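One structure is given here, and the rest of the page talks about it.
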Amino acid sequence: MTSNDAVLIQKSKQGDVHSFELLISKYQVYAYNIAWRMLGNEEDAKDATQETLIKVFKGLDKFKENSEFSTWLYTITVNTCRDQLRKRKKVMTLSVDDTEEKVSIQLVAEESADPAVRLEQKEVAGQLLSALGKIPEFQKTAVLLRDVYGFSYEEIGAIENCSVGTVKSRISRGRHGLRSIILNERSNKIQEGGTI
């Protein structure tokens, strides 16, 4: 945790709303991105992010400053999203529109100037988003936290409240599941006479 964050946290704990806003401004986009990828649409992601920020503000006194603020905030984000998914009581699917494609392309590769490469990236991104909606929630969260946000295994364990071994297992199974789903869908397209 940076010294600047520590100062902002202390002031926020004393009720300084401006300090809290400055603190949150550094992490809000990351919290939203996690929520969007877990929940699959903009409105639910906005609601979850807002709910997360309220929980963070109300629970700031409970934050132990010997740990990373970002890890604590992302833990609350993930748990808030899980609560929303439980309330839905239905299987989550990720739709693909222009906004989502632009985001997902960044997960796959840097955007190319070549139109043919861009088209291929768009297709891969669409397949990836679709496949993410089909693997178990804990695996998806672990893969996103590791491969998209770059958290260490230890940080993911803290967020998910599980051991590093469990984190590694979820990531491995999640990646294998994504690969299997995408390869299966490509194989089905070829058998149907379509293009990949």
Tally, over the range 31-46, of residues that are part of a helix (DSSP H, G or I) and surrounded by 16 or more Cβ atoms within 10 Å (Cβ to Cβ): 11
Criterion violated by residue 144 - all others in (1) touching a Gly at 6+ places or on another chain (Cβ under 6 Å); (2) at pLDDT 65 or above satisfied: (1)
The listed residue being exposed (fewer than 14 other Cβ atoms within 10 Å of the Cβ) and of a type in the set (Asp, Glu), out of 192, 185: 192
Residue selected from the range 149-174 under the condition out of contact with any helix residue (DSSP H, G or I) (no Cβ under 6 Å at 6 or more places or on another chain) and farther than 26 Å from residue 66 by Cβ, by the criterion surrounded by the fewest Cβ atoms within 10 Å (Cβ to Cβ): 172
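The values are calculated or read from the model by the stated rules, or taken from the named source; none is laboratory data. Since we're looking at a predicted model, the values are computed, not measured. We place every Cβ from the backbone using ideal geometry, glycine too, and count neighbours over all the protein chains shown.
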